[in-house]
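One structure is given here, and the rest of the page talks about it.
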Amino acid sequence: MTRSTQAVAVMAKAPGWLPVKSRLQPPLSADEARALATAFLLDRLDGVTSLSAVAAVLAFAPAEAERALRALAPPGVRLLAQRGEGLGERLTHLFDDLLTEHAGALALDTDSPTLPMAWVEDGLDALADDSADVVLGPSEDGGYWAIGLRAPCPALFVAVPWSTDRVLETTLARAAAENLRVRLLPRWFDIDTEADLRRLGDDIAVSRRAPRTAALLSALTARLAAETAR
Amino acid sequence: MSTTRLDETARGVFPISATPFTPDGALDLDSLDRLVDFYLARRVHGLTLLGIMGEAPKLTPAESRAVVRRAVARIGGRVPIVVGVSNVDLTALAALANDSMAAGAAAVMVAPPPGLVGDDALLAYIGSVVTAIDRGTPIVYQDYPQSTGVTLTVEAFHRMVDAFPQLVMLKHEDAPGLTKLSRIRAEAAHAGRRRVSVLVGNNAIYYPQELARGADGAMTGFSYPEMLVEVYERFAAGDADGAEDVFDVYLPLLRYEAQPGIGLAVRKELLRRRGALASSAVRTPGLALSAEDRRELDRLVARLERRLKA
């Protein structure tokens, strides 16, 4: 298997169509949260299209947002509507779809704009050289920022307590029960709180990644700081 | 993240990690991943970030935090991480210390600010550090008078060990320091005092002698960390002669790296040649290697490789 046959799918809710970043409202207004989610999405899509020899996919919801997202997404990104109820079903369908055409696939969230793309490449390599059946990128909050598979495995997505701190451990238990070899990528953080936003600002200043988020964030943090000072 | 904290039983090799930069001087966090992988592949027992060799004073606070978080993420709890937090500004010191521990570091390393005179002033300073940082944070005291100008007497060190249970390790770099090391071990044993871990710095130039005098390992940035590990392991296994034989093979290169001022550039160049760094860039102020330096380095490395094959 070669990398040319792999896909990386960004899982995203279309900003403006579904609620996004609700845990950040407040301090952010609904408009600001939507703008931030859009910046996160676009920075992530740029990151994925910068990977060489990988099919970039935007797995989006709701289906009605396709036209709007088509206008937003960089060229070369394939749009694929998410199907099913709940994240587990959606991931199951996504991997079913991708793995009929690709020998390996990796689904990524959009919650961590400065995520090092080199780690995504490490994950793809582990799938490509057959050193792992499942690749997981753990999040500090107990979830995961990426999951990659070589073959569909619906069991990984069944009865997972999504949006809790037990997502990763549950998934690891399912993988063990299926006798799958797991490769864990480095742990990274999601942006869910105001403190996370500050950390993100730090990280952007240093890594010079995520240009859209960077531009927006400096305005947002200035406003939040002014508010705190008042 | 891993909540393992460093304690007095720490042993082995905790290399001082270089801090990677791109040729234009930006922090290169992708190379930090490579560097971490490089150290782990050489079976180090821990890792030290933001030491003097890590060019810590040349980083912004945000860059320091980013280095710690990235390395913590990459290491994933496999070995403990010590973070150098020394700063004349106690608030800045505490901020980096607390942030590093929250991110998953195992301990912080502190060298005193220049200008402290006398044991009492030094003890008072460490007391203020202990008060400023989060309770229970393990501390490594860096004894490096060549840089700080602050002398740590053996008596002051004993007082420090007694007064601050958080103090779990001494990074020993004083010179001449061999007698000091012997005294610390002998007097502590005689008085039934808590035995703290001692790792040696100073480019490991006296490593075999220091191990023989009671050091527990090394905390230095030699570009062939596998030597530091092998010497430690052989010594720990009772093979002091074998340990010294291994050390001797690397000694010419180690001595070349230990040159004051330019040693860091040598080290980063060797790490680059070994695939651990994308660039050997040193941040300003820093010295660069001349063509003649590089030729000497070529020759030293060629000789080392020949001896390793023999």
**Item:** Listing of strands (runs of 3 or more DSSP E) fully contained in the range A:1-84 that carry 1 or more residues being under 15 Å from A:E121 (Cβ atoms)
**Value:** A:6-13, A:54-61
**Request:** List every residue pair whose Cβ atoms sit under 7 Å apart, with the two residues 6 or more apart in sequence or on different chains, where the first one lies in the range B:18-37 and is touching a residue at least 60 places away in the same chain (Cβ under 8 Å) and more than 14 Å from B:R283 (Cβ to Cβ) and the second, anywhere, is β-branched (V, I, T) and crowded, with 21+ Cβ neighbours inside 10 Å.
**Result:** none
**Message:** Tell me whether the range B:96-105 contains one or more residues that are within 14 Å of chain A (Cβ to nearest Cβ) and in contact with a Phe, Trp or Tyr (Cβ under 9 Å, 6 or more places away or on another chain).
**Reply:** no
**In the range B:62-108, the residues that are over 18 Å from the mean Cα position of the chain (by Cα) and among the polar types (S, T, N, Q)** = B:T91, B:N98
**Asked** If you go through the range A:206-228 one residue at a time, how many are surrounded by 17 or more Cβ atoms within 10 Å (Cβ to Cβ) and within 14 Å of another protein chain (Cβ to nearest Cβ)?
**Response** 6
**Fill in**
Among the residues of the range A:152-180, the number that are touching an Asp or Glu at 6+ places or on another chain (Cβ under 7 Å), under 21 Å from A:A9 (Cβ atoms) and surrounded by fewer than 17 Cβ atoms within 10 Å (Cβ to Cβ) is 1
**Failed item in (1) without any contact (Cβ under 8 Å) to a residue 40 or more places away in the chain; (2) within 24 Å of B:D30 (Cα to Cα), with A:G76 passing the rest** = (2)
**Asked** From the list A:A146, A:A195, which one is under 24 Å from B:P61 (Cα atoms) and within 14 Å of chain B (Cβ to nearest Cβ)?
**Response** A:A195
**Request:** Starting from the range B:57-86, take each residue that is within 11 Å of chain A (Cβ to nearest Cβ) and list its partners that are surrounded by fewer than 23 Cβ atoms within 10 Å (Cβ to Cβ) and of a type in the set (S, T, Y), counting only C-beta distances under 6 angstrom and pairs at least six apart or across chains.
**Result:** B:G77/B:S2
**Asked** Restricting attention to the range A:177-196, which residues are of a type outside the set (D, E, K, R) and within 19 Å of B:A73 (Cβ to Cβ)?
**Response** A:V182, A:L184, A:L185, A:P186, A:W188, A:F189, A:I191, A:T193, A:A195
**Prompt:** Does B:R283 fit the bill of being surrounded by fewer than 19 Cβ atoms within 10 Å (Cβ to Cβ) and touching a residue at least 40 places away in the same chain (Cβ under 8 Å)?
**Reply:** yes
**Item:** Matching entry among B:D119, B:D89 (being under 24 Å from B:R195 (Cα atoms) and more than 14 Å from chain A (Cβ to nearest Cβ))
**Value:** B:D119
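Here, each number is a calculation from the coordinates, and none is a lab measurement. All values derive from a computational prediction rather than experimental measurement. FYI the Cβ positions are ideal-geometry reconstructions off the backbone, even for glycines, and counts take in every protein chain you see.
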